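The values are calculated or read from the model by the stated rules, or taken from the named source; none is laboratory data. Everything numeric here is computed off the predicted structure, so don't read it as measured data. Using ideal geometry, Cβ is built from the backbone for each residue, glycine included, and neighbour counts are taken over all protein chains shown.
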Amino acid sequence: MTGRAAAAAALLVASAAPTLAGAQEAWLGVFAPDAHVGVADCCFERGADVQAGLRTRPLVSVPSFGELRLYALGSANTARGVPFAAAGAAWRWPIGTSGFYVQPGLGGAVQFGSDARYQQRPDRLYLGSRLLFEPELAVGWRGAGPWAVEGAYVHLSHAQLAGRQNPGLDDVGVRVIYAFGR
């Protein structure tokens, strides 16, 4: 890891400190990396992305309209794909009183793979930038206990701010969530 990458990772971790201190939920997920969903170029990575994360208690709560939380996550690929860390904010909208919810989020990420601006090999993903945007969308269900489950989509991209090549990364998977004190 270069000095710039280490500094970016340290800055991301420091910005996520409030999330880590006020964690209400912890989660673990398994994702298909580099999934072909039509948003990013695909099919450079293999294996699975294993992701772990934390979310705060609601910082803002509006009855019937949801709640705002901060989150931090880390991701590692089982086949030497692109590892990354991200932090951001998510808004959880309840769907009636069924326990189902929709949760879009937007954050920033630091990726620890190559930051080469052009795709150099067909078996590795070159994202073109060390720092990326990290939008995500989850659909979840929480029962009466502390456990919940989510289907989630996580995207990494520099939105062509770091050059014309912007293959992006799409992860699709399942998260199992545990809520502390529930």
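For the range 65-85, filtering for residues that are within 28 Å of Thr97 (Cβ to Cβ) and in a loop (DSSP other than H, G, I, E, B) leaves 1. Out of Ala87, Ala26, Ala52, one residue alone is surrounded by 22 or more Cβ atoms within 10 Å (Cβ to Cβ), modelled with pLDDT of 95 or more and under 18 Å from the mean Cα position of the chain (by Cα). It is Ala87. Just checking, which of Ser61, Ser75 is touching an Asp or Glu at 6+ places or on another chain (Cβ under 8 Å) and exposed (fewer than 13 other Cβ atoms within 10 Å of the Cβ)? Residue meeting the stated conditions: Ser61. The one condition from (1) at pLDDT below 90; (2) among the acidic types (Asp, Glu); (3) more than 19 Å from Tyr126 (Cβ to Cβ) that Glu45 does not meet is (3). For Arg69, state whether it is surrounded by 15 or more Cβ atoms within 10 Å (Cβ to Cβ), modelled with pLDDT of 95 or more and out of contact with any Ser or Thr (no Cβ under 6 Å at 6 or more places or on another chain). The answer is no for Arg69. In the range 137-159, the residue that is farthest from the chain's Cα centre (by Cα) out of those that are surrounded by 15 or more Cβ atoms within 10 Å (Cβ to Cβ) and either farther than 17 Å from Pro104 by Cβ or not hydrophobic (A, V, I, L, M, F, W, C) (or both) is Arg142. Residues in the range 34-48 include none that are assigned to a strand (DSSP E or B) and in contact with a strand residue (DSSP E or B) (Cβ under 7 Å, 6 or more places away or on another chain). In summary, Gly105 fulfils each of the numbered conditions (1) over 15 Å from Asp171 (Cβ atoms); (2) under 20 Å from the mean Cα position of the chain (by Cα); (3) modelled with pLDDT of 90 or more with the single exception of condition (1).
So if I check each of Arg121, Arg130, which one is out of contact with any Lys or Arg (no Cβ under 7 Å at 6 or more places or on another chain) and modelled with pLDDT under 95?
On the way: Arg130 fails: out of contact with any Lys or Arg (no Cβ under 7 Å at 6 or more places or on another chain).
After applying the criteria, what remains is Arg121.
For the range 90-114, a tally of residues being on the phi < 0 side of the Ramachandran plot, loosely packed, with under 14 Cβ neighbours inside 10 Å and either among the charged types (D, E, K, R) or not in a strand (DSSP E or B) (or both) returns 2.
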